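The values are calculated or read from the model by the stated rules, or taken from the named source; none is laboratory data. In this text the structure is predicted, and so the values were computed from the model without any measurement. Every residue, glycine among them, receives a Cβ derived from its backbone with ideal geometry; neighbour counts consider all protein chains shown.
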Amino acid sequence: MSRRAFPWSRLGIDPTKDTGAIRKAYADILRATNLDDDIAGYAELRRARDHALWLAAQPDVEEESAGEEDEGEVYGLGSLDDDDDDDDIGLGDWDDADYPWDDSPSAQHPDPVSGDDPAPELTEAQLRAQAAWNTMLDVLYPDGEPSEEAVTHEQLETGLAALGVLIARAEEADLLEHDALDNALGELFARTWPRSAPFVEPANEAFHWLGEAGALEERYALRFLNDRLKGMRFHEKVQQPGHPLHKAWAELSRPGRAGFVDRLRVRRLDIHRLLTGIRERYPELESLLDAERVRSWENGGGVAEGASNAGRGFGGALLFVVLFFALMRGVAALMGPTGDDDAGKPPLAEVEAALKTAELDIAADRVFGKGFKFADVRAADPNFAKTFEALVSIADKAPIEPIDYARTQAIGASQVAANNELVVRADLKSLWLNAARRLPGDACQKLMRGDLRKLDLKLTDKEQSREQALLRQLLEAKVLSNKAEGGETRYTIPGWLIEAMLKRSGLSEERLVAALRNPDSPDRCGVEFALVEAVRAAPGKVPKEVLKGL
Amino acid sequence: MTFGMLVGIDLGTTNSAVALWKDGVPQLVPNALGRELTPSAVSLAKGGQSWVGEAAVDRMATHPADTVTSFKRMMGTASTVTLAGTTLTPEDLSAMVLRSLADDVEAATGERPTEAVITVPAYFNERQRRATRRAGEIAGLEVKRLINEPTAAALAFGLADKGDREPFLVFDLGGGTFDVSIVEMFDGIVEVRASAGDNRLGGDDFDAVLARMVEPQLLGHAALEGVSVTRRDALMKLAAERTRRALSTSEKAEFVLTIDGKSAGTMVTTEAFEEAAAGLVRKLRDPVIRALRDCHIDVKSLSDIVLVGGATRMPVVRKALTRMFGRFPNSTVHPDHAVALGAAIQAGLLSGGEGLEEIRITDVAPFTLGVNTATRDAHGVFHDDIFAPIIERNTPVPVSRMERFFTLGDNQRQVTFAIYQGEARDVKKNVKLGELTVPVPPRPAGEVQVDVRFTYDTSGLLDVDVAVPATGLTRNMVIVDEDDRRSQKDIAESRKRLEKLKVHPREEADNVAMLARAERAYEGFTGHVRDVIGHALTQFQGALETQDPRLIADARDALGQLLDEIDAQSPL
């Protein structure tokens, strides 16, 4: 009896596919146990039962052998192409092992109405909802591309009408479809923020997204959207004269540096509270304030320093003549905190600093895209900015390229990252794995070991801009400055995830498990990719350890 | 071996019931009026006279300030009510109902029950559960176990034929609480897979919606002039409940308030009510989704939707359910009896009742349990109210889990863990259960490790162990014990307070209830009808004074018949 392996050893029966026998064995042992006296034993017994039931649900190896013939092709590069696939990619295609990397809107956001049924028979109301969904995608992805521009008036009307149809459908649909619509809209709006901004509030009213705010199990997309929703509400309120921080808001919204009188008029504490508050909770609101005004408040001391402030203001005006505006921003930032220490240095240092700023800005743009300046990096995450600055300044001697450093930090961020950042991390990993698999040699293996040095992933333009967007998200969440934790993380992959991986990879269960155990297995890369993709398909269901462990 | 008598009690928001495991089946015990349900209502009068149940509900109309219902919603809070000069806690009030149920059992079996299994909503938090335990003790009942209401209902449902069942969903919408549980049965094992709920949603809220809906039409009415707000609200509540019930069987119903001879009424249609209640109906969806998500069960693979709780009779709720699940719910169990019957089955299990040898129940922890932790963010700002879960919700119980924490400050001398229950990331939004402090050796930040182990057993006791491996020091705290020790004195005091209250002799229950009912009717009607009631009431009181049981019974029957006839007619 002791020869049997887990789970059968715990259940005391021979391996079987008879679920009735498994349940009976479990029931018999349970009846003979006093649960409170053997808590660990009970947990193990349940695990054994669940494992045995899972094994019983697996198809027999013989039946599956037919699927193994094309194993060589499974990870082939055959269908990878960057053309936009204009066909509607349904969920069915997602289950294919070698589906192409496709970030067209319809592939990223499969329509939630038809669900996972490959050939659904839709009612008239469902067809209307499906059409509304496609309209919504057209509005949020103009020309099939992500856009950060605000919607036009016509687009707003079209979008709101389509959203109205989707909400009405959700109200009368069953739980499954309601849930699918709820999830899909949340996901869509989070991904297309800020373009989706005007649609979030009506969707929140219908689906009570804010009701989930702050809950441990808050969905990742909603966690993001709820913060933005609260931000929008705060923005509305703070513009009312009665709001305690209204004066501070009005002051910081005014263009130009703060003058002596302004400093007397507005309480410094309120300015501080407003700035720390929005930076922590609604960082997007800072762009509504005047950057120069904010800096002048942050750099200048209190009212007592009014005189020296006036002097510095004069210096700033001189520089303004010499250097162009963007560079000056950098100089002001560098001068600010050190103040009088700079006084003795020759003026040349200022020009050098300006050049250095330009260099940093170029590096920042390479990593984060979208015209990101170094000052933005610093504002988003000062600790990361420090290392980044050091790496750029020693350029050739640097042990690692800034981009590779950012990537390494992104991978190492698992310990500190919250759920939504973990999903972003999974998105990045999927993108890299996909790129690495196109490359010859051991690029994929290197990537999996977390070794990103000298690894030119040869990303396409599209992939690069996506990577930049994802890295920006991690930067703003301040997880890139975290010290990368070494060591392995151990985690259990739940049964349904294994099933999804089997489906995606097309491997037999044995080979899959072998590849999971052995990092050097030739299947490992494909298995890792299957895991990442399976996780990304249903991030809400995945246990946090698995997300962390990716 | 002698066992005390063990009963199963459904302590509900609107109605309560008691049942026994007898002769291999669970059996409900009727109250003094011969009914299986006793309204959870209490009324007091100056001088310490008290009413519980039906009579108290009738006194709601005549003495609203001295009568209280729905006090289950206050369980676990510090609020109290003052009735006729006596201040009572929600535990005291629940204890009065429990005591009245125990009286009924004693009358039926000749033996006083000393132990009980009491049901609580699955989504009751630890504090609410503790309050329920205390209520049992005040009533002189040792609470052998608290069992979740949907679990009890599932037992009653599943034991009807003892067959295996694929996962089914118990939808329990009572007067004040809402629970959803997903349960599976095989080989005599009743396994709860997940529970979710809303402990502030029930039939009462639908009544409130109805009352709010008609209020504008009624407010200016002459009948309501000069009526105190307490009285008006009480009458509105009673009228709303009546109207809601009427709407369960017809398309429209009259919402009528009759006060001191004047009536005010308005017509309510099902359609208008459904529209007004849409917000509440939407709230029913979230717990269902949460429970399904937690146990990874697809709504399509549910074998049945079992309805429990009086509020599931509402067509508006049934309609929403049919839409949500894409099929008709199962209504084979009695929505008002299932929970008490299930409690009796659990009582039978605990006392080794015949026919139950093969049955075992496994349940889950309905809430996440954890401690507060602190971190410093990238700016060095200190955040000390982050919830670190240790036992996640819907984990099968019993369960024991350990988490490791590290000191955050250099030369920190002690670590304090506050223990919380709830689902919010911010501990301030969760329920605090207790606090535990351990001294640690002074070392640089992050070098001292503290292990926290939570053990949650089948009877709902949470045991917390904190250990510092560096010094070998351990601290232990059993959450429930801690609280009980403090409250032993309170319980004794409460018991004394309740003993002072006078209870009508049981044999008079019929008369007391009839008097209260006749008085309510007298105040509610006008003109000729009122005179008729007044006349019959005087005759009944006269019969009571003769102390002749036969005369009294005849007069009571006559009065009852009259009131039935009057109730059957529309009061307008």
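Could you tell me whether B:K432 is within 14 Å of chain A (Cβ to nearest Cβ), within 16 Å of B:T373 (Cβ to Cβ) and of a type outside the set (D, E)? Walk me through how you get there before you give the answer.
Working: within 14 Å of chain A (Cβ to nearest Cβ): no; within 16 Å of B:T373 (Cβ to Cβ): yes; of a type outside the set (D, E): yes.
Answer is no for this residue.
When you scan the stretch B:271-372 for helices (runs of 4 or more DSSP H) that lie fully inside it, which ones turn up with 1 or more residues that are more than 12 Å from every other protein chain (Cβ to nearest Cβ) and within 25 Å of A:G211 (Cβ to Cβ)? Give the derivation first.
On the way: elements: B:278-283, B:285-294, B:315-325, B:338-350.
Counting at least 1 such residues, we get B:278-283, B:315-325.
What are the residues in the stretch B:249-265 that are among the hydroxyl-bearing types (S, T, Y) and touching a residue at least 60 places away in the same chain (Cβ under 8 Å), if any? Let's see the steps before the verdict.
First, the residues of the stretch B:249-265 that are among the hydroxyl-bearing types (S, T, Y): B:249-250, B:258, B:263.
Within the stretch B:249-265, B:T258, B:S263 qualify.
Checking B:I419 against (1) over 30 Å from B:V120 (Cα atoms); (2) more than 14 Å from every other protein chain (Cβ to nearest Cβ), only one condition comes out false. Which one?
Of the numbered conditions (1) over 30 Å from B:V120 (Cα atoms); (2) more than 14 Å from every other protein chain (Cβ to nearest Cβ), the odd one out for B:I419 is (1).
Quick check on A:L222: is it within 14 Å of chain B (Cβ to nearest Cβ) and either at pLDDT 90 or above or buried (at least 18 other Cβ atoms within 10 Å of the Cβ) (or both)? Give the steps one after another, and end with the answer.
Numbers: within 14 Å of chain B (Cβ to nearest Cβ): yes; either at pLDDT 90 or above or buried (at least 18 other Cβ atoms within 10 Å of the Cβ) (or both): yes.
In short, yes.
Looking at (1) free of Cβ contacts under 8 Å to residues at least 12 places away in the same chain; (2) surrounded by fewer than 18 Cβ atoms within 10 Å (Cβ to Cβ), which is the only condition A:A215 fails?
All conditions are met except number (2).
Just to be sure before I move on: is B:T266 not in a strand (DSSP E or B) and not assigned by TED's automatic domain parsing to the domain that holds B:T151 in the structure I sent? Please lay out each step first, then the result.
Numbers: not in a strand (DSSP E or B): no; not assigned by TED's automatic domain parsing to the domain that holds B:T151: yes.
Spelling it out, it is not the case that B:T266 is not in a strand (DSSP E or B) and not assigned by TED's automatic domain parsing to the domain that holds B:T151.
So B:V268 passes all but one of these: (1) within 14 Å of chain A (Cβ to nearest Cβ); (2) β-branched (V, I, T); (3) in contact (Cβ under 8 Å) with a residue 24 or more places away in the chain. Which condition number does it fail?
(1)
Can you name every residue in the stretch A:127-184 that is within 18 Å of A:P110 (Cβ to Cβ), among the hydroxyl-bearing types (S, T, Y) and either part of a loop (DSSP other than H, G, I, E, B) or over 28 Å from the mean Cα position of the chain (by Cα) (or both)?
Correct list: A:Y141 only.
Search the stretch B:97-117 for residues being in contact with an Asp or Glu (Cβ under 8 Å, 6 or more places away or on another chain) and buried (at least 24 other Cβ atoms within 10 Å of the Cβ), and hand back the single one that is farthest from B:I345 (Cα to Cα). Give the derivation first.
Just the residues of the stretch B:97-117 that are in contact with an Asp or Glu (Cβ under 8 Å, 6 or more places away or on another chain), to begin with: B:105, B:112-116.
Okay, now just the ones that are also buried (at least 24 other Cβ atoms within 10 Å of the Cβ), so B:113, B:116.
Working: B:P113: 16, B:A116: 12 Å.
Restricting to residues being in contact with an Asp or Glu (Cβ under 8 Å, 6 or more places away or on another chain) and buried (at least 24 other Cβ atoms within 10 Å of the Cβ), the top hit is B:P113.
Among the residues of the stretch B:112-144, which ones are at pLDDT 90 or above, part of a loop (DSSP other than H, G, I, E, B) and not aliphatic (A, V, I, L, M)?
Answer for the stretch B:112-144, where residues must be at pLDDT 90 or above, part of a loop (DSSP other than H, G, I, E, B) and not aliphatic (A, V, I, L, M): B:R112, B:P113, B:T114, B:P121, B:G140.
Does B:L257 satisfy the condition of being part of a helix (DSSP H, G or I), among the aliphatic types (A, V, I, L, M) and not assigned by TED's automatic domain parsing to the domain that holds B:G527? Please lay out each step first, then the result.
Numbers: part of a helix (DSSP H, G or I): no; among the aliphatic types (A, V, I, L, M): yes; not assigned by TED's automatic domain parsing to the domain that holds B:G527: yes.
When the stated conditions are applied, B:L257 does not pass them.
Tell me which of these B:K72 doesn't satisfy, since it passes every other one: (1) more than 24 Å from B:R231 (Cα to Cα); (2) crowded, with 21+ Cβ neighbours inside 10 Å.
(1)
Considering each residue of the stretch B:541-570, count those that are within 27 Å of B:A239 (Cα to Cα) and assigned to a helix (DSSP H, G or I), and give that number. Give the steps one after another, and end with the answer.
Taking the stretch B:541-570 and keeping what is within 27 Å of B:A239 (Cα to Cα), we get B:556-570.
Subsequent filtering for residues that are assigned to a helix (DSSP H, G or I) retains B:556-568.
Counting residues in the stretch B:541-570 that are within 27 Å of B:A239 (Cα to Cα) and assigned to a helix (DSSP H, G or I) gives 13.
Report yes if A:K429 is in a helix (DSSP H, G or I), among the basic types (K, R) and touching a Leu at 6+ places or on another chain (Cβ under 9 Å), otherwise no. Even if it seems obvious, please write down each step before you answer.
On the way: in a helix (DSSP H, G or I): yes; among the basic types (K, R): yes; touching a Leu at 6+ places or on another chain (Cβ under 9 Å): yes.
Here the answer is yes, as A:K429 does meet what is asked.
Might you let me know whether the stretch B:63-76 holds any residue that is farther than 25 Å from B:R35 by Cβ and more than 17 Å from the chain's Cα centre (by Cα)?
For the stretch B:63-76, residues farther than 25 Å from B:R35 by Cβ and more than 17 Å from the chain's Cα centre (by Cα): present.
Take the conditions in contact (Cβ under 8 Å) with a residue 24 or more places away in the chain, more than 23 Å from B:L321 (Cα to Cα), away from every other protein chain (no Cβ under 14 Å) and touching a helix residue (DSSP H, G or I) at 6+ places or on another chain (Cβ under 7 Å) and apply them to B:L141. Does it pass?
Values: in contact (Cβ under 8 Å) with a residue 24 or more places away in the chain: yes; more than 23 Å from B:L321 (Cα to Cα): yes; away from every other protein chain (no Cβ under 14 Å): yes; touching a helix residue (DSSP H, G or I) at 6+ places or on another chain (Cβ under 7 Å): yes.
Answer is yes for this residue.
State which residue is surrounded by the fewest Cβ atoms within 10 Å (Cβ to Cβ) when the search covers only the stretch B:169-189 and only residues that are in a strand (DSSP E or B) and within 14 Å of chain A (Cβ to nearest Cβ).
Step one: of the stretch B:169-189, the residues in a strand (DSSP E or B) are B:169-173, B:178-186, B:189.
Next cut, within 14 Å of chain A (Cβ to nearest Cβ) only: B:169, B:171, B:180, B:182, B:184-186, B:189.
On the way: B:L169: 27, B:F171: 27, B:V180: 26, B:I182: 25, B:E184: 21, B:M185: 23, B:F186: 18, B:I189: 20.
That would be B:F186.
Here is a check on your reading of the model: is A:Q409 more than 14 Å from chain B (Cβ to nearest Cβ) and not aliphatic (A, V, I, L, M)? Give the steps one after another, and end with the answer.
On the way: more than 14 Å from chain B (Cβ to nearest Cβ): no; not aliphatic (A, V, I, L, M): yes.
For A:Q409, the condition - more than 14 Å from chain B (Cβ to nearest Cβ) and not aliphatic (A, V, I, L, M) - is not met.
Collect the residues in the stretch A:499-533 that are within 14 Å of chain B (Cβ to nearest Cβ) and buried (at least 19 other Cβ atoms within 10 Å of the Cβ), keeping them in residue-number order. Talk me through it step by step, then tell me what you get.
At the first step, the residues of the stretch A:499-533 found to be within 14 Å of chain B (Cβ to nearest Cβ) are A:499-500.
Residue satisfying the conditions is A:A500 alone.
Tally the residues that are assigned to a helix (DSSP H, G or I), touching a residue at least 24 places away in the same chain (Cβ under 8 Å) and under 24 Å from A:E463 (Cα atoms), restricting the search to the stretch A:360-384.
11
Does the stretch B:145-158 hold any residues that are out of contact with any helix residue (DSSP H, G or I) (no Cβ under 6 Å at 6 or more places or on another chain), away from chain A (no Cβ under 13 Å) and not in a helix (DSSP H, G or I), and which are they? Talk me through it step by step, then tell me what you get.
Looking only at the stretch B:145-158, we keep the residues that are out of contact with any helix residue (DSSP H, G or I) (no Cβ under 6 Å at 6 or more places or on another chain), and these are B:145, B:148, B:150-151, B:154, B:157-158.
Checking which are away from chain A (no Cβ under 13 Å) leaves us with B:148, B:150-151, B:154, B:157-158.
Passing the criteria: only B:N148.
Give the residue, chosen from A:G164, A:G144, that is in contact (Cβ under 8 Å) with a residue 60 or more places away in the chain and more than 14 Å from chain B (Cβ to nearest Cβ).
Values: A:G164 fails: in contact (Cβ under 8 Å) with a residue 60 or more places away in the chain.
The unique qualifying residue is A:G144.
Read through the list (1) of a type outside the set (S, T, N, Q); (2) part of a strand (DSSP E or B); (3) at pLDDT 90 or above, then give the number of the only condition that B:E166 fails.
Condition not satisfied by B:E166: (3).
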